Amino acid sequence: MVRAVELAARGAGTVLPNPVVGCVLLDAHGHTVGEGWHERAGGPHAEVNALRAAGDTARGATAVVTLEPCNHTGRTGPCSEALLAAGVTRVVVAVRDPWPTAAGGIERLRAAGVDVVLVTPALAAPAEDVNRVWLVATRLGRPFVTFKAGVTADGRVAAADGTSRWITSAESRADVHLLRSRVDTMMVGVGTVLADDPWLTVRDSDGMPIGPQPLRVVLDSVGRTPPGARVLDDAAETLVATAADFGGGLRVDPAAVLSELYRRGRRHVLLEGGPTLATAMLDDDLVDEMLCYTAPVVFGAGRMMLDGGRTATLVEARRAELREVRRCGPDVMLRYAFR
Ligand code: AOF
Ligand code: ZN
């Protein structure tokens, strides 16, 4: 299963709006006879790729899969039937498919006499984590939200005078561009547009936009985005979300925007601030993970990455799980998971 998770991870950035999935086929001696992963949305599923690699040696084999094999005909045929046709006799599954249309592979295989095993929570955890974007989005019916901040060691995103370029290192910023290239949506509040005038595009080291660009979304209750703002250039599509009662003092509802984005096929939002929007979304339980790129610099004054939230006392605080610690040049990246 550890290997299947490694294979699944290779699909990150090319499979949205589909899941990342990995599959390993083992013979009776536990030797690998085929491996596969889901490489791109609309392409063959992980199981089919592994079966192709194994050929005839799949007969009598065990399939280890990170996600329950599908039982529907979508853009490809059901993997449950493909596994049966190939003569696989045992299937080890980490996570059940939360999408009702495709689920049911486990029951179908069992009905045909295949021994289907669901792994223990300890083995399921990495399979859940690698596919967290799609799993959470599918379960909640809204895109998975990653909040990213480049901060000082004392958690600040700007100095007292507002200067912030650059707090983190070139290595951290390159990492963020890789992350941007893997999401399908970028989101900011209008305050960030007014303060930083960001492009919110995926760029190479020379600053040129590269590859397919994520949709840019600005939450802008009363329409303050300047017509000349960089987010409105033609390097990528942009959605400016305003309150329904435009100009009437109402605020745009982030949950409603997320639902609409899901309806439009979006599954992964990278929230890049600012602190006002991020704090509001955190308080409403709309942030699923937080990435802190922390630079070895201390301000002692200036804007905090999150501020003005509703937490009044320790027992109300949001507890996260630290899932990743990685060095980016002189900085450290910390990934905190809320679900
Ligand atoms: C994948 N890759 O390896 C597996 C999936 O749009 P389709 O027809 O490709 O079907 C996608 C659904 O199939 C997906 O949402 C999930 O429920 C199930 N399993 N999907 O894209 C895979 N095993
Ligand atoms: Zn499938």
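For the ranges 201-214, 282-295, what's the packing order if you count other beta-carbon atoms within 10 Å of each residue, average per peptide, and put the highest first?
282-295, 201-214
If you wrap the chain's Cα atoms in a convex hull and average its projection over all directions, what's the area in nm²?
19.4
Compute the acute angle (0 to 90°) between the alpha-carbon long axis of helix 254-263 and the principal axis of greatest extent of the alpha-carbon atoms of the chain; round to the nearest 10°.
For helix 254-263, the angle is close to 40 degrees.
Can you grab the distance from the C-alpha centre of the stretch 209-267 to the C-alpha centre of the stretch 274-312, Å, no decimals?
Here the answer is 21 Å between Cα centres.
Suppose a student asked you for the relative contact order of the chain, using Cα pairs under 8 Å spaced at least 6 residues apart; what percent would you report?
16
If neighbour count is taken as other Cβ atoms inside 10 Å, put THR76, THR146 in order from fewest to most.
THR76, THR146
Once you place label points 7 Å from the Cα toward the Cβ at ARG339 and ALA41, how far apart are they in nm?
Taking the two extended label points, one gets 2.0 nm.
Quickly estimate the mean residue ellipticity at 222 nm for the chain, helices only: each DSSP H run with n ≥ 4 gives -39500 (n - 2.57), and the total goes over all residues, rounded to 500.
Here the helix-only value at 222 nm equals -7500 deg cm²/dmol.
Take the Cα radius of gyration of the stretch 34-121 and divide it by 2.2 N^0.38 Å, with N its residue count; two decimals is plenty.
Its radius of gyration relative to the 2.2 N^0.38 Å reference: 0.98.
Tally Lys and Arg at +1 and Asp and Glu at -1 over the other residues with C-beta under 14 Å from the C-beta of ALA63: what net charge comes out?
For residues surrounding ALA63, the net value is 0.
When ranked by the protection proxy of mean other Cβ atoms within 10 Å per residue, highest first, what sequence do the peptides 227-240, 124-137 form?
Order by mean packing, descending: 124-137, 227-240.
Please report the relative contact order for the stretch 1-146, taking Cα pairs under 8 Å with a sequence separation of at least 6, and give it as a percent rounded to a whole number.
21
Each value in this text was obtained by applying a stated rule to the coordinates, not by laboratory testing. Just so it is clear, the structure is predicted and the values come from calculations on it, not from any experiment. Note: ideal-geometry Cβ built from the backbone for every residue, glycine included; neighbour counts use all protein chains shown.
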